[in-house]
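Working notes, beginning with the structure itself.
The numbers here are math on the coordinates, done by the rules we state, and not lab data. The model shown is predicted, which means the values in this text are computed figures rather than measured ones. Cβ coordinates were reconstructed from backbone atoms using ideal geometry, including for glycine residues, and neighbour counts include every protein chain displayed.
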Amino acid sequence: MPPRKQATPGQGELLDMSTTKEIQDILWKAADKLRGSMDASQYKEFVLGLVFLKYVSDAFAERRAQLIADPELAEIPEHRRAAFLEEKDEYTEENVFWVPPTARWDYISDNAQSAADGVGKLLDDAMNATMKENPTLTGVLPTIFNRDNVDKKRLKELVDLISDARFTGHGDRPAQDVLGETYEYFLERFARAEGKRAGEFYTPASVVRLLVEILEPYEGRVYDPCCGSGGMFVQARKFVTAHRGHDYTHAIAVYGQEANERTWRLAKMNLAIHGMDVKGVGDRWADTFVEDKHPDRKAHFIMANPPFNMSDWARNTKDPRWRFGVPPQSNANYAWLQHIVSKLGERGSAGVVLSNGSMASKQSGEGEIRAALVEADLVACMVALPGNLFRTTAIPVCLWFLTKDKTPQGTKALSERRGEVLFIDARNLGTMIDRTERILTDDDLARIADTYHAWRGTESVKTKGLKYEDVAGFCYSATLEEIREHDFVLTPGRYVGAAETEDDPDAEPMEERIARLREELFEHFEESARLEKVVREQSGRI
């Protein structure tokens, strides 16, 4: 096998990027050169917009190739074939965006060097033309490539490199999957680069996976009231694909909204790249508390990672969503929880990421609201997560799982769990991947999700032969009476107890250990006093 051809990003040399990982790494390195003086959030739009345009062009070319290969094309008179290949319906009916000629990547690549008004104007025009032909993308794609703060030479180099990155032709994997992974990779890299500011658009992948694995959204309406870049929706689609196959991905319909304009655009592009209906996140960004974009819609599944402990929110004391108590202005945690409860369908379930304080706070009426939610039997499970899962915040977090129905649900034959709440203490799980970041491994995710499903008696664990048991230090099924005794504090550590440990026959007896530690501490103080005396004497001599 001949050696792989190497090139420095930007040389325009044809690269053999046969794997998705290679595409991701090389594009990131090249794109990073463009950062310059560009605002971080603008830079994110800039790069992801380019990747999106390349994707829609590749997907368009893939569909065009299918039409050319179709035997029925031979039945069309030769003089009409070119017109047939340009018929818009042949693409849109297959959920492929129609890409006008001047926005197709071949045209951009061929004219990037010679365009009279420069490559920036060429790209802005391509974005505008694509939005004009596809109303669901109106206002979504960035038109910021011809601005003064963009290094046109490096932009041209990036266009050349993206031209060589084929998002099609990866075995039996469609362009949609390859580009979808690349888009997610870029979102993660931007989240790492932006730190705390990334919280508005990115939830760590292992946390999203845990929400999805517990909720199991096989079919129905999936809702996220603060959807960020759409990661919850994408993971739900992946779950359906993994368990039911690509043919069933349309078994879920996604709905949500996002308050930040730039993040809303990222979500629309993310859904489009993954073949999901972009209309679900609305025709415009909007604050959920000010303007509910889906006022009459109820969901089968809700997943959310709201801003933690948000104090700057649009509080209306007469809002009908506050069935369990008016949330305080100082913290929107219980506003989010009550909004989510108001959106649950008859047998709906929800998973919500909140700060640990939400489990025990009694300030400004939060304790009373929490007690009311528990008494209404809406809380199904509480999970305490390990620290360092979020690069964007040092605040410890937990997961709330809510449900409208804890009964066996007829033919589903679930376990009867009315009047019970499952507590899982997962603070000791996870693996540090670097000095500051932890992830939940596949085994960690399976342990937590299997514990929940064993408790609930779902089909996914029946096939594994798993049955629920309380495990000291990890999980405990508490009755409402026990929760009342703890004054409605929902911190798992209060219920699961300490992990059982076996006595070590070689271990040092506790009394001897205490005596030894006291002696060592005394010796430490004596040595400190001696060193201090030496320092004073030396200082006197100087």
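Computed quantities for the displayed model
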item: Rg/Rh ratio calculated on Cα atoms of the stretch 66-125 (Kirkwood radius); result: 1.10
item: Signed unit charges on C-beta, dipole axis of the stretch 239-298, positive-most listed residue Thr263, Val240, Val281; result: Val240
item: Rel. contact order, % - alpha carbon contacts under 8 angstrom, at least six apart, the stretch 51-116; result: 45 percent
item: Global geometry of the stretch 46-159, whether rounded, prolate or oblate, following the gyration tensor of its Cα atoms and the 1.5 cut on a/c; result: prolate
